[in-house]
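Visitor: Starting off with a structure, shown below.
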Amino acid sequence: MMDVRFYISKSLYDDERRGDMPQLAMEIGAAARVLKLLGDPTRLTILAILNQRECCVCELLEVFSTSQPAISQHLRKLKDAGLIQEERRGQWVYYSLRPQSEYYSLLQAVLSYVPDQDENIRKIEKANPAVRCGC
């Protein structure tokens, strides 16, 4: 199979600066898979939240009107793609973005177009702490 690559500028919105910015080479199929993951509103919102703070599953439940298994499935897909990482602390698992990901720059470029998640983060922080980390 032919090795097809394309280039993504770290600055997708400023054509004049593209020549000065480093380019990222990425296999088209891999980029398409990542962009497909980002095409889901729940996953994109999860990533936007994780771009501002780490969270456990039960904290994300405060934001979405869906089940814990559904949120866990979204997190698993994002982890399998290498976009997020998990850290176990006692009985809880906390998720955060994975800066070492080969797709991190692409993810940051996409997230720059997503509204901040301050309102969702307030929902998380307002939740009863006794209920919050009962993952």
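Just so it is clear, none of the values below were taken in a lab; they were calculated from the coordinates. Predicted model, so just to flag it, every value in this text is computed and none were measured. A quick note on method: Cβ atoms are made from the backbone with ideal geometry, for glycine too, and the neighbour counts reach across all protein chains shown.
Visitor: What is the Cα radius of gyration of the stretch 41-132 over 2.2 N^0.38 Å, N being its residue count? Let's see the in-between values first.
Guide: On the way: Rg = 12.6 Å, N = 92, 2.2 N^0.38 = 12.3 Å.
Normalised by 2.2 N^0.38 Å, the Cα Rg of the stretch 41-132 equals 1.03.
Visitor: Using label points projected 7 Å from each Cα along Cα→Cβ, tell me how many nm separate Ala127 and Tyr113, to one decimal.
Guide: Going by the 7 Å Cα→Cβ label model, 2.9 nm.
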